[in-house]
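The values are calculated or read from the model by the stated rules, or taken from the named source; none is laboratory data. All values derive from a computational prediction rather than experimental measurement. Here the Cβ is made from the backbone with ideal geometry for all residues, glycine too, and neighbour counts use every protein chain on show. Areas reflect the complete protein model, heavy atoms only, side chains present, ligands, DNA and RNA absent. Shrake-Rupley method; radii C 1.70, N 1.55, O 1.52, S 1.80 Å.
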2 protein chains.
Amino acid sequence: MTDNHTSAEMVGERLREVILRGELHPGEKLHQNRLAEQLGVSRTPLRTALAALANSGLVVYESNCGYRVREFSPEQIRGAFIVRAELEALACMLAAPNMTEALSKQLFDLVAEGDRLLADGHLLEESHAPYREMNVRFHKLIQTIAGNPWIADFVARLHNVPLTSDRIILWEHWKIIHRSHDDHRRIAEALSHGNGMRAGAIMREHVLFAMDYLLSQLNSQPEGTLRIVPDRAKAQNRKTSKRKP
Amino acid sequence: MTDNHTSAEMVGERLREVILRGELHPGEKLHQNRLAEQLGVSRTPLRTALAALANSGLVVYESNCGYRVREFSPEQIRGAFIVRAELEALACMLAAPNMTEALSKQLFDLVAEGDRLLADGHLLEESHAPYREMNVRFHKLIQTIAGNPWIADFVARLHNVPLTSDRIILWEHWKIIHRSHDDHRRIAEALSHGNGMRAGAIMREHVLFAMDYLLSQLNSQPEGTLRIVPDRAKAQNRKTSKRKP
DNA sequence: AGAAATCAAAATGGATCCAAAATTGTAATT
DNA sequence: AATTACAATTTTGGATCCATTTTGATTTCT
């Protein structure tokens, strides 16, 4: 599926993973020689990949100073959720008039898949990944039904923020994950009835609550259940010295 | 201000201009050798620029097949306006609680500038550029006040569609441009009163009407007052042959 | 004659090389 | 001792070169 053939594409995808996983710390300088050697390619495809990543917002570039991992303030993370809430709500509104029997079934199938994973009364460790994938598919399906490619594109870009990545499920409390899954069911029901406004309202709250919960977790325990948190202590020597000779 | 020093950045900006201005036709293949020679640089910075443009959505890339100018369907253009309407409405909602006396003044100064340009009862030819710039500044100021950088970024990306570019003012009819400017005044007034909902509602309609008008112009006279329209007749030989040897 | 195979030309992707700029370390001067 | 000037190293940016893939055109075979 996602088999990119050129080195530049592979390197880009690899870097994206590494950055989102937090293995490269925000603000960290990306030395081209070292990185190229580590990744086993020459500098040329690496630079191509970096140029692309810079435009996708994962790294920042400064002329003659190279690339560094982009860092996001809590305020920016909050902003990402707010825009995402609005875009996904809009997706619901646009999707509603496009609903068919088949599409309704696809949505409810995903809900049922979540039901199965949560059947025991809690989410097993080994069910984390399947649940996460189901969650991603549910949101993406609605965006597809909406038929506006810009929405899916922008939502994907908003996931290019380390902490808001769709690969992170930090809901350990049963009540929260249960409520979140219940939102999915209600959204599916509203959409299958053609009620875009209602589906959109649920979706907006669905995303905004995730924001509140994530930010509260960030504030309360900066490094606890979350190893993904950018280690500010380690955010090392960045001397923004700017002298005129 | 926008002085990018490296060749790659200059080439990228140059290509962006050329594509948005329609001098490179949608779907057209971008031959690296020829382009590099035309632009007076080697292929390396050109490829860096293309990689960036690909991620910004102006060109599309296919492995081992190179880059071509992206083409947008009328439906995609419509979709861009719809998302932009929502994002700019959201910007109004977020901007309202941030308003100050100074910011109100800045907004009304821009409105007054438009008043001056339209004072004669119509828009002079030489006032086109100033009016266009005022328009851009008005919208950008609201996005700045909103304080959510994602909105400004996404709106800018939505302007990366040839026909929706903010450099195009195709409103030749006095009534329409007058009404559009009146929207600006009402938005400024609503914002200065802290009424984000109302400002957002006006903004949404402001953008959606521009969409309707643009699309109607596109349908009625594919090449009339608009020279920017992609010349489909010239969209030349693209053989998407895909054989397995 | 039409389709398939083959070979030549061209274009893309990647590696290496070189120049220019920035950073770092050292020395010299105040 | 601190700061400035200067030199050496490192790193980035750009050009060139080479390999691989694609494209197209010609030839060959059914």
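Screening the candidates A:E23, A:E17, A:E75 for the property of being part of a helix (DSSP H, G or I) and more than 11 Å from chain B (Cβ to nearest Cβ) yields one hit, A:E17.
How about the range B:33-66: which of its residues are closer than 23 Å to A:A156 by Cβ and away from chain A (no Cβ under 14 Å)? None - no residue of the range B:33-66 is closer than 23 Å to A:A156 by Cβ and away from chain A (no Cβ under 14 Å), so the list stays empty.
One line per residue, one yes/no per condition, for (1) within 12 Å of DNA strand C (Cβ to nearest atom); (2) in contact with a Lys or Arg (Cβ under 7 Å, 6 or more places away or on another chain); (3) under 18 Å from B:Y61 (Cα atoms):
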| position | (1), (2), (3) |
| --- | --- |
| A:S7 | yes, no, yes |
| A:L15 | no, no, no |
| A:P26 | no, yes, no |
| A:R34 | no, no, no |
| A:E37 | yes, no, no |
| A:S42 | yes, no, no |
| A:A52 | yes, no, yes |
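Filtering the range B:30-75 to residues that are closer than 30 Å to B:N219 by Cβ, surrounded by 16 or more Cβ atoms within 10 Å (Cβ to Cβ) and of a type in the set (D, E, K, R) leaves B:R68, B:R70, B:E71. Being within 20 Å of A:T44 (Cβ to Cβ) and open to solvent by less than 50 Å² (accessible area, probe 1.4 Å) is a property that does not hold for B:L20. Against the conditions (1) open to solvent by 70 Å² or more (accessible area, probe 1.4 Å); (2) away from every other protein chain (no Cβ under 14 Å); (3) assigned to a helix (DSSP H, G or I), A:H139 satisfies every one except (1). Residues of the range B:23-47 that are more than 9 Å from DNA strand D (Cβ to nearest atom), among the polar types (S, T, N, Q) and within 26 Å of A:S42 (Cβ to Cβ): B:Q32, B:N33.
Taking A:A95, is it open to solvent by 10 Å² or more (accessible area, probe 1.4 Å) and more than 10 Å from chain B (Cβ to nearest Cβ)? Before you say what the answer is, go through the steps one by one.
Values: open to solvent by 10 Å² or more (accessible area, probe 1.4 Å): no; more than 10 Å from chain B (Cβ to nearest Cβ): yes.
Answer is no for this residue.
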